[in-house]
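In what follows, a structure is listed as structure tokens, so that the remarks can point back to it.
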């Protein structure tokens with residue numbers, strides 16, 4: 001940036017404080033919920049991110065240890081989880097082969113310049129030859145292999161890593177003979193995958209890949225200066241806590257390690273204030289833990305409850321469980337964390353009761369499922385939102401399930 005540009009920016013009128021705060025929250029939520037803020041797709045939001053860049057870069061670095069990258073074409077927050085969850089997978093990619101081909105697609109693109117064009121057949125042959133050199137065989141005459149590559153290419157297009165100039169990879173996936181696609185590369189390929197400070201083969205444990213500071217045990221080992229060790233431990237603890245609160249739907253007290261739980265409990269007011277000011281999330285302290293919610297009905301993130309029929313079922317289940325436990329507190333087993341422990345038959349029984357009572361308001365799909373199939377799908381969604389977990393004998397329902405509960409307005413239905 002030239003001196004003249006800096007002066008001009010300094011002279012530009014500053015937005016009112018409320019608007020400035022709203023813009024910052026909008027940018028933070030976009031960074032947390034999108035892979036990039038792209039200048040070509042979201043020029044207005046990109047401009048807001050650029051205006052807030054220094055403040056956001058410093059805040060994310062201090063509070064989470066994440067890096068914020070700004071280029072002329074995009075802004076990206078390098079988000080790394082503390083605890084990997086199944087719902088953190090990449091939408092559009094199905095299995096290991098999809099992920100591998102997505103990664104090798106990025107490998108191929110890193111050797112191309114901005115705007116350089118290439119053919120799909122050139123890319124897949126280069127990938128095949130590279131994999132053969134490391135004794136991994138990929139056969140483009142096999143439909144499943146082409147289909148996996150097609151899904152990887154579609155994801156690369158969604159991320160603006162490549163643009164299709166002519167043709168479609170779906171045609172190539174159906175029949176490789178006589179079909180090709182002309183693509184154009186972008187510099188985003190170099191920024192999609194997280195960059196590590198050292199060679200991947202030098203990491204000994206999966207936890208090291210998360211990018212956090214060393215573990216508390218290592219931070220306080222003998223021979224390390226006590227003040228430096230305490231500072232490192234506090235920073236590492238803060239990063240662990242803020243990352244989980246920002247990325248996961250809910251984290252219960254028993255799901256923290258001892259040091260993190262103590263930090264959450266003693267810094268509760270500060271955490272609520274920080275996250276509301278910078279992210280717009282509203283914090284509430286419940287008996288089971290500190291929970292952050294979005295105050296609006298819609299937002300840039302995945303929200304519960306959503307408009308999906310499964311959300312209705314989960315809220316009905318929460319209301320049913322709340323009613324049953326309220327009338328007969330000892331009907332179901334409880335564990336030391338206050339979770340309700342259900343056998344498979346008890347869990348299916350609750351769902352069958354709900355279907356008998358209000359099944360005519362359910363979608364055709366859920367009405368026709370067997371009780372076992374219905375229980376499987378509901379349990380899967382409970383795990384996604386950290387409201388429950390499947391066990392060997394059934395399902396364990398976490399306290400969060402009864403925080404969100406609802407009923408159908410039967411009287412209004414009867415009037416209609």
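Every number here is computed from the coordinates shown, using simple stated rules; none is lab data. Model, not experiment: these values are computed from the prediction. Here the Cβ is made from the backbone with ideal geometry for all residues, glycine too, and neighbour counts use every protein chain on show.
For the chain, modelled as a GNM with alpha-carbon contacts under 10 angstrom, which of 138, 396, 272 fluctuates the most? Of the options given, 138 has the highest mean-square fluctuation.
The mean sequence distance of close C-alpha pairs (under 8 Å, at least 6 residues apart), as a share of the length of segment 88-190, puts its relative contact order at 37 percent.
Could you tell me what % of all Cα pairs in segment 88-190 have separations over 19 Å? In whole percent, the share of Cα-Cα pairs in segment 88-190 beyond 19 Å is 37.
If the chain linking residue 201 and residue 254 were pulled fully straight, counting 0.36 nm for each residue of separation and taking away their Cα-Cα distance, it would gain 15.7 nm. Between 29, 63, 18, the Gaussian network model of the chain with springs among Cα atoms under 10 angstrom shows the greatest mean-square fluctuation at 18. Note on segment 20-85: Cα-only Rg and Dmax are 11.5, 34 Å. Subtracting the Cα-Cα distance of residue 116 and residue 71 from their residue separation scaled by 0.36 nm leaves 14.3 nm. Working from label points 7 Å from Cα in the Cα-to-Cβ sense, the residue 373 to residue 357 distance is 2.4 nm.
Hey, any idea what the orientation-averaged projected area of the convex hull of segment 287-398's Cα atoms comes to, in nm²?
So the Cα hull casts an average projection of 7.9 nm².
With R₀ fixed at 56 Å, the C-beta to C-beta distance from residue 47 to residue 380 puts the FRET efficiency at about 0.90. So how far apart, in nm, are the two label points at residue 166 and residue 343 if each is 7 Å from Cα heading toward Cβ? Label-label distance for residue 166 and residue 343, simple model: 6.8 nm.
Relative contact order for the chain using alpha-carbon pairs under 8 Å, separation at least 6, rounded to a whole percent?
Relative CO of the chain lands at 12 percent.
Summarised as an ellipsoid, the chain has semi-axes of 39, 32, 24 Å, derived from the eigenvalues of the Cα gyration tensor scaled by 5 and square-rooted, with the largest first. With helices as the sole contributors, the chain gives -15000 deg cm²/dmol at 222 nm; each DSSP H run of n ≥ 4 counts as -39500 (n - 2.57), and the sum is divided by every residue. When the chain is treated as a GNM with alpha-carbon contacts under 10 Å, the residue of 406, 338, 178 showing the greatest mean-square fluctuation is 178. For segment 309-415, what does the relative contact order come out to in percent, with C-alpha contacts under 8 Å and a separation of six or more? Rounded, it is 39 percent for segment 309-415.
Here the gap between residue 175 and residue 208, fully extended at 0.36 nm per residue and compared with their Cα-Cα distance, gives a gain of 7.6 nm. Panel note: the C-alpha atoms of segment 257-329, placed on their principal axes, show extents of 35, 34, 18 Å (largest first).
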